[in-house]
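Enquirer: For reference, the structure I am asking about is given below.
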Amino acid sequence: MISKFYGLLKLLVQRVLIISLAGYLLLIPFSDTALAAKTSMTGDYSKDTVSVIRDLKDVIAITENEEEKTISDKEAVFLITDYISRYRNRPQINGSLSFTTMQTALNALAGHYKTFPNRPVPEKLKDRLNDELSKAEVLLEKNR
């Protein structure tokens, strides 16, 4: 009689442990809050575009200090990625002339950083980028 009782108790404890473990494994992914990537974009297209233009013009202008340039290049790549990922999938924005002009400039700069990560931005590319960024800023002002 006692051995049957211990057998049932053992079976009950095993089942409770199995159910508890299964519940834990199913619910643990939902218990943590999702950590979204930090973004420097505010969601206001005009303000973000002007901010990106100013920051990238500053990065392009840096030539002398190698350490400072490396850090700025990494920040520029993050900024480009952040900007494009924020606004590329918004139909009301990605069809605008200011966005396509910005995208052209950002793709050119990102392409340089991807292909030549340790080389400075050539003068010809700097001139083109400054022209494209200025053009995007003018187009943005017209559409306000």
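FYI, it's all coordinate maths here, none of it is from the lab. Keep in mind that what you see is a predicted model, and the values were worked out from it rather than measured. FYI the Cβ positions are ideal-geometry reconstructions off the backbone, even for glycines, and counts take in every protein chain you see.
Enquirer: Indicate the helices, whole DSSP H runs only, in the chain that combine a mean Kyte-Doolittle hydropathy of -0.5 or more with a Cα extent along their long axis of 30 angstrom or more.
Expert: Values: long enough: 2-31 (42 Å, 1.49); 66-87 (31 Å, -0.58).
Qualifying helices: 2-31.
Enquirer: Could you compute how fast the chain diffuses translationally, taking Rh as the Kirkwood radius over C-alpha pairs and applying Stokes-Einstein at 25 °C with viscosity 0.890 mPa s? Give it in µm² per second. Present the calculation step by step, with values, prior to reporting the outcome.
Expert: Working: Rh = 18.9 Å.
Translational diffusion coefficient: 130 µm²/s.
Enquirer: Something else: Can you give the net charge of the other residues whose Cβ lies under 15 Å from the Cβ of Tyr87, counting K and R as +1 and D and E as -1?
Expert: Values: positive: Lys47, Arg86, Arg88, Arg90; negative: Asp44, Asp48, Asp82.
Here the count lands on +1.
Enquirer: A further question on this structure: When the helix-only estimate is applied to the chain (DSSP H runs of n ≥ 4, each -39,500 (n - 2.57), divided by the residue count), what is the mean residue ellipticity at 222 nm, nearest 500 deg cm²/dmol?
Expert: On the way: 6 runs with 112 residues, N = 144.
When only DSSP H runs of four or more count, the value is -26500 deg cm²/dmol.
Enquirer: Quick one: if you stick a label point 7 Å off each Cα along the C-beta vector at Tyr6 and Thr39, how many nm between them?
Expert: Once both label points are built, they end up 6.3 nm from each other.
Enquirer: Label point 7 Å out from Val50 along Cα-to-Cβ: which residues of region 109-144 have amide N under 17 Å?
Expert: 133-144
Enquirer: Do any of Lys57/Lys124; Lys74/Lys124; Lys57/Lys142 go past 18 Å between their Cα atoms, and which? Please list the in-between numbers first.
Expert: Details: Lys57/Lys124 14 Å; Lys74/Lys124 21 Å; Lys57/Lys142 21 Å.
Checking Cα-Cα distances, Lys74/Lys124; Lys57/Lys142 exceed 18 Å.
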